[in-house]
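Here the structure comes first, spelled out in structure tokens, and everything after it is commentary.
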């Protein structure tokens with residue numbers, strides 16, 4: 001494939017401290033006959049953005065949504081001729097589909113992604129990857145068993161500024177880390193009774209509910225599901241999925257996690273701290289919606305770095321003297337919640353079978369931290385975590401939160 005640039009040929013950033021890493025992503029130039037054929041599962045707000053940002057060497061050929069109106073509107077808006085499926089499982093039966101984008105609600109994502117890899121499809125799964133810890137681990141096992149590529153939609157992993165900033169911390173150039181600060185992202189709430197309303201025409205409400213317990217349709221639930229525990233982890237697993245992922249990356253913890261979590265009595269409501277086995281402590285206490293949304297502050301004996309989306313700053317200033325080219329920064333600003341180049345890495349890996357930048361194991365480990373923060377808040381006490389066994393040590397009550405009861409018909413499939 002002559003148009004593909006080898007990763008070994010990427011330009012490298014030389015940091016003043018001697019750190020270097022690849023940061024330019026490959027440019028693909030292939031003919032139309034080599035385009036990857038993609039199906040989209042879940043055609044809501046985020047998936048519509050991803051459809052528009054899909055690189056040119058792939059094409060959408062089919063969509064599936066439990067609310068047919070959304071599929072029809074997405075197709076009409078683009079004057080497309082996609083195949084519309086009322087059930088994503090029939091989309092997965094299409095033999096001409098190479099890969100799928102899973103942009104469903106949080107509580108539906110793992111099951112769709114598992115069925116996709118079992119059907120031989122590679123997957124781009126939006127974040128957060130899972131609703132609870134055990135289903136995330138099951139998805140990792142499925143991806144490995146069926147030898148599939150799964151990229152999690154943590155696009156900051158593909159941003160040159162984030163990669164440089166995280167590598168700077170990992171390299172130890174800040175000296176001994178004294179503290180890491182992150183945002184106190186809000187948790188979900190329990191949902192009370194909502195009045196029954198008519199199910200919109202063309203909606204499969206049972207499928208929308210998925211694994212969650214049976215409830216009547218209500219506009220509040222359909223429109224604001226992210227607020228509620230049964231369907232999401234709130235902002236802790238929304239923006240927190242990005243922020244914690246950056247902390248995991250910067251600390252070199254992609255394949256593991258903290259060993260202890262506890263509520264912070266000296267900080268705001270919901271603030272939690274956690275400690276890694278090497279002694280590094282992270283405090284989630286910064287108010288939400290500030291400058292560190294989706295990132296973190298790393299304070300060492302030689303200075304400080306704040307890493308956010310597509311940006312970092314150091315104290316002392318100019319500690320990192322050589323920065324990525326302006327184009328590598330500016331290209332991420334050309335669309336809302338830009339993911340084009342992160343999807344580009346995914347498509348490269350679909351072809352090469354190399355591990356993507358936000359591999360399923362990385363996404364699972366990062367969102368597991370988010371889930372445990374929410375569990376710590378629920379229980380209001382210190383929890384000791386074994387990141388290898390993925391169990392709490394000697395704590396049956398906490399371990400009960402690692403899984404959830406799933407409605408019949410929406411169980412996680414057993415891997416044969």
Out of 270, 210, 233, which single residue is under 21 Å from residue 391 (Cα atoms) and crowded, with 16+ Cβ neighbours inside 10 Å?
233
When both residues are 6+ apart or on different chains and their Cβ atoms are under 7 Å apart, which pairs have a first residue that lies in region 167-195 and is on the phi > 0 side of the Ramachandran plot and surrounded by fewer than 20 Cβ atoms within 10 Å (Cβ to Cβ), and a second that is part of a loop (DSSP other than H, G, I, E, B) and modelled with pLDDT of 95 or more?
175/301; 175/302
Scope region 27-40; condition over 22 Å from residue 353 (Cβ atoms) and at pLDDT 95 or above; matching residues
40
Quick check on residue 48: is it in a helix (DSSP H, G or I), under 21 Å from residue 353 (Cβ atoms) and either in contact with a helix residue (DSSP H, G or I) (Cβ under 9 Å, 6 or more places away or on another chain) or modelled with pLDDT under 95 (or both)?
no
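Kindly provide the set of residues from region 263-291 that are farther than 16 Å from residue 378 by Cα, touching a helix residue (DSSP H, G or I) at 6+ places or on another chain (Cβ under 8 Å) and modelled with pLDDT of 95 or more, ordered by number.
Result: 282, single match.
Tell me, please, whether a residue that is assigned to a strand (DSSP E or B) and at pLDDT 95 or above can be found in region 204-223.
Taking region 204-223 as the starting set, the residues that turn out to be assigned to a strand (DSSP E or B) are none.
Taking every residue of region 204-223 in turn, none turns out to be assigned to a strand (DSSP E or B) and at pLDDT 95 or above.
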Tell me yes or no: at least one residue of region 234-248 is farther than 26 Å from residue 162 by Cβ, touching a helix residue (DSSP H, G or I) at 6+ places or on another chain (Cβ under 9 Å) and not in a helix (DSSP H, G or I).
no
Consider only pairs whose beta carbons are under 6 Å apart and that are at least six residues apart or on different chains; among these, list those whose first residue lies in region 23-48 and is within 21 Å of residue 337 (Cβ to Cβ) and whose second residue is at pLDDT below 60 and not in a helix (DSSP H, G or I).
23/13
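From the list 119, 80, 74, 99, which residue is surrounded by fewer than 17 Cβ atoms within 10 Å (Cβ to Cβ), in contact with a helix residue (DSSP H, G or I) (Cβ under 9 Å, 6 or more places away or on another chain) and under 20 Å from residue 37 (Cβ atoms)? So that I can check it myself, show each step before the final result.
On the way: 119 fails: surrounded by fewer than 17 Cβ atoms within 10 Å (Cβ to Cβ); 74 fails: surrounded by fewer than 17 Cβ atoms within 10 Å (Cβ to Cβ); 99 fails: surrounded by fewer than 17 Cβ atoms within 10 Å (Cβ to Cβ).
Exactly one residue qualifies, and that residue is 80.
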Region 242-281: number of residues that are within 16 Å of residue 375 (Cβ to Cβ) and in contact (Cβ under 8 Å) with a residue 40 or more places away in the chain:
12
Failed condition for residue 393, given (1) buried (at least 21 other Cβ atoms within 10 Å of the Cβ); (2) over 30 Å from residue 215 (Cβ atoms); (3) touching a strand residue (DSSP E or B) at 6+ places or on another chain (Cβ under 7 Å)
(1)
Could you check region 355-402 and list, in sequence order, the residues that are within 19 Å of the chain's Cα centre (by Cα) and more than 18 Å from residue 244 (Cα to Cα)?
355, 356, 402
Can you confirm whether region 364-375 contains a residue that is surrounded by fewer than 17 Cβ atoms within 10 Å (Cβ to Cβ), within 26 Å of residue 282 (Cβ to Cβ) and either in contact with a helix residue (DSSP H, G or I) (Cβ under 7 Å, 6 or more places away or on another chain) or at pLDDT 95 or above (or both)?
no
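Conditions (1) surrounded by fewer than 23 Cβ atoms within 10 Å (Cβ to Cβ); (2) more than 30 Å from residue 35 (Cβ to Cβ), marked per residue:
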{"site": "315", "(1), (2)": "yes, yes"}
{"site": "318", "(1), (2)": "yes, yes"}
{"site": "322", "(1), (2)": "yes, yes"}
{"site": "349", "(1), (2)": "yes, no"}
{"site": "356", "(1), (2)": "no, no"}
Here's a check for you: in region 306-334, which residue that is touching a helix residue (DSSP H, G or I) at 6+ places or on another chain (Cβ under 6 Å) and in a strand (DSSP E or B) is nearest to residue 240 (Cα to Cα)?
307
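For (1) within 28 Å of residue 121 (Cβ to Cβ); (2) touching a helix residue (DSSP H, G or I) at 6+ places or on another chain (Cβ under 7 Å), each residue gets a yes or a no:
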site	(1), (2)
349	yes, no
358	yes, yes
362	yes, no
384	no, no
401	no, yes
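The values are calculated or read from the model by the stated rules, or taken from the named source; none is laboratory data. If you're wondering where the values come from, they're calculated on a predicted model, not measured in any experiment. Here the Cβ is made from the backbone with ideal geometry for all residues, glycine too, and neighbour counts use every protein chain on show.
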